[in-house]
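A quick write-up on the structure given underneath.
The values are calculated or read from the model by the stated rules, or taken from the named source; none is laboratory data. Here the structure is a predicted model, which is why all the values come from computation and not from measurement. With ligands, DNA and RNA removed, areas are computed over all heavy atoms of the protein, side chains included. Shrake-Rupley method; radii C 1.70, N 1.55, O 1.52, S 1.80 Å.
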Amino acid sequence: MEPLATNITDNSDTYDRMAKAIAFMRHHQLSPPDLKTLAQHVQLSEYHFQRLFTAWAGISPKRFAQYLTVEYAKAKITETKSLLDLTMETGLSSPGRLHDLFVKLEAMSPGEFKVGGAGLQIRYGIHNTLFGHCLIATTMRGICNLQFLDHADETRAAHDLRLAWSQAEMIYDPQVTQAIHDRIFTPSLDQPPLMLHVKGTNFQIQVWRALLQIPFAGIATYQGLATSIGRPTAARAIGNAIGSNPIAYLIPCHRVIRESGQLGGYRWGLDRKVMLLGWEASRQP
């Protein structure tokens, strides 16, 4: 299993450059920029840009750009639907997840939900990843929050965490969450399951569980997800539940797009959604 981490020494600077380059690719899909143009856009030489991009993505910028097209997205929608149909027919768990993190989701009881986390200790920290800074928070029962941040969002993210768990005791403890970060972004097959501890309505929990069935590098649609949980007329409500997902990446809401192949929305920014989808696509078997 190939880890998310690389030997790039400064993930923050790398993320900023990759985000800028990939956003530029996405906005010029009809006339894809060449290597020289991309390198100039992020203020690097062609040699250093090619080297940095390949270290981050595992493939060349040109190949990566192929994963950003609507045609590719539509093909992956069909492929993923077939995989999910097979899963339901055989009763198996999510098929073929390249980075199988063995995620298990536990929802709060209605009583726990009502009291807003009273009696809980939540430890949190902010960490650097290939997809930018993120806040990770955990209770004794599992990860309760993971959100990607832009540089100015760190104070706001901690404030939002306190609002979401208004009665819990908040403890800034990056040493504890660093260990969780390493488990998430450097996964290993011999590790025990990663536990998620979430609070939400019954419908939200149902949607989040359905998201966990989308395989690594797969792409589903809002309508397809609605159909898969027996609510074919609830695509809009599905979108709202996805937008409320408190745990980025592990509950893979970035893998849901529109039937047309267009991206739709993403709580943590469309450019980051593109980066996640393209990065996962580049690591398919």
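When all alpha carbon pairs of the range 166-285 are counted in 5 Å bins from zero, the resulting P(r) reads 2, 10, 18, 22, 19, 15, 9, 4, 1 %.
Report D for the range 217-267 in µm² per second (integer): Stokes-Einstein, Kirkwood Rh on Cα pairs, 10 °C, 1.306 mPa s. Once the numbers are plugged in, D ends up at 144 µm²/s. Determine the share of the chain's accessible area contributed by carbon and sulfur atoms, expressed in whole percent, with a 1.4 angstrom probe. Roughly 53 percent of what the probe reaches on the chain is carbon or sulfur.
Take the chain with all the other protein chains still there, run a 1.4 Å probe, and you get 48 Å² of accessible area per residue.
Mind checking which of ILE171, ILE126, ILE205 has the largest fluctuation in a GNM of the chain, springs on alpha carbons under 10 Å? Looking only at ILE171, ILE126, ILE205, the biggest GNM fluctuation is shown by ILE171.
Our Cα-only numbers for the range 159-209 put the radius of gyration and Dmax at 14.1, 36 Å.
The relative contact order of the chain comes to 24 percent, based on Cα pairs under 8 Å that sit 6 or more residues apart.
Phi angles across the range 46-54 convert, under the Karplus curve 6.51 cos²θ - 1.76 cosθ + 1.60 with θ = phi - 60°, into 3J(HN,Hα) values of 4, 4, 5, 5, 4, 5, 5, 5, 5 Hz, Gly and Pro given as x. Expressed as a whole percent, the proportion of Cα-Cα pairs in the range 119-182 lying more than 18 Å apart is 27%. Across the alpha-carbon set of the range 127-222, the Rg to Rh ratio works out to 0.96, Rh being the Kirkwood radius. Cα centroids of the range 136-207 and the range 45-79: 29 Å apart.
Applying a threshold of 23 Å to the alpha-carbon distances of LYS74/LYS273; LYS36/LYS74; LYS20/LYS62; LYS104/LYS199 flags LYS36/LYS74 as lying beyond it.
Coupling constants for the range 159-173 follow from the phi torsions by the Karplus curve (6.51 cos²θ - 1.76 cosθ + 1.60, θ = phi - 60°), and in residue order they are 5, 5, 4, 5, 5, 5, 10, 5, 9, 7, 8, 9, 10, 6, 8 Hz; glycine and proline get x.
Across the alpha-carbon atoms of the range 189-243, the computed radius of gyration and Dmax are 12.5, 41 angstrom. Here the ratio of the Cα radius of gyration of the chain to 2.2 N^0.38 Å is 1.00.
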